[in-house]
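Values quoted throughout were computed directly from the atomic coordinates according to the rules given, and no laboratory measurement underlies them. Only a predicted model underlies this, so the values are computations on that prediction, with no experimental measurement involved. Backbone-built Cβ (ideal geometry, glycine too); neighbour counts: all protein chains shown.
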Amino acid sequence: MAESDWDTVTVLRKKGPTAAQAKSKQAITAAQRRGEDLETTKKWSAGQNKQHLVTKNTAKLDRETEELHHERVPLEVGKVIQQGRQANGLTQKDLATKVNEKPQVIADYECGRAIPNNQVMGKIERVIGLKLRGKDIGLPLEAKPKTK
């Protein structure tokens, strides 16, 4: 039982250099002398608050002259909605209630500020009885015969 001495300490490996020490110029030179493989990578803009890279493409986009915007409801359609609503004796609020939308949506459609939504347009068409889409805007809706 002489092998189990409580006072002896067995060191399996030595503690390596800290991260800061391993990156120092001296540590790199010493490792090169020993013939060890080194891998060095340069971090681009490390420790800075740069979040966006300005490239030639960004400058090209800035010079772009084409205006990109969403298509709005034409004023012609807005006038047809307004006339159809008034012909049926409805207020904007009444029409909005019938098509399950907010009154502001109807106001936006009538003023031409809304982005057209086919579902909403279809509901408004059915309530006021006038076409709002296609070539013949403003003409009465034709009752489609029900097929059995």
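Some observations on this one:
- Proximal charge balance of LEU132 [Cβ under 13 Å; K/R count +1, D/E count -1]: +3
- Each other residue within a Cβ distance under 13 Å of LYS93 adds +1 if Lys or Arg and -1 if Asp or Glu, for a net charge of 0.
- The length gained by stretching the chain between GLU67 and THR91 to full extension, at 0.36 nm per residue less their Cα-Cα distance, is 5.1 nm.
- Each residue of region 110-122 is assigned a 3J(HN,Hα), and the resulting list reads 5, 8, x, 8, 7, 8, x, 10, 4, 5, 5, 4, x Hz, derived from the Karplus form 6.51 cos²θ - 1.76 cosθ + 1.60 (θ = phi - 60°), x at Gly and Pro.
- Between the amide H of LEU130 and those of LEU141, distances stay under 5 Å, these residues lying 5 or more places away or on another chain, with hydrogens modeled in the peptide plane.
- Net charge in the neighbourhood of VAL80 (other residues with Cβ under 10 Å of its Cβ; Lys, Arg +1, Asp, Glu -1) is 0.
- Spin-label pair ASP37/THR18, simplified geometry with 7 Å Cα→Cβ offset, distance in nm: 2.8
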